[in-house]
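Notes follow the structure.
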Amino acid sequence: MPAVARGVRAARVAQGWSLETLAARSGVSRGMLVHIEQGRTNPSTGTLCRLTDALGTTLSRLVETSELPLARVVRAGEGACLWRSEHSPGRAGCDPPERRSPPNRPGTPERRRPP
């Protein structure tokens, strides 16, 4: 769920407000609030300002996340081992990149490693 959706819903619930109450206080339609809270739309800056004013919060608080990043960059060979295979040496997930053989696709000539 996007940060805006989570933030709007969390702020509304913290106030103890229904969708109708927030709609009346902010001037944003109930239908638009449903779409925002379900993450089905990206509200305009004007809509976000109306919501933050009504909820008594700031835009940065509304969209802040405390989650870990979705991706982490690691150096080659330092990533987590996802699998090991005794039956396909050179293709095991834990081999360093320089030892891995590129996968062959059906219908392509076999690739050979340089000596």
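The values are calculated or read from the model by the stated rules, or taken from the named source; none is laboratory data. Here the structure is a predicted model, which is why all the values come from computation and not from measurement. All accessible areas refer to the heavy atoms of the entire protein, side chains included, with ligands and DNA or RNA removed. Shrake-Rupley method; radii C 1.70, N 1.55, O 1.52, S 1.80 Å.
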Carbon + sulfur, % of accessible area of the stretch 1-54 - ligands and nucleic acids excluded, 1.4 Å: 49 percent
Gain in span if fully extended, residue 45 to residue 15, counting 0.36 nm per residue against the direct Cα distance: 8.6 nm
Probe 1.4 Å, accessible area per residue of the stretch 1-63, Å²: 56 Å²
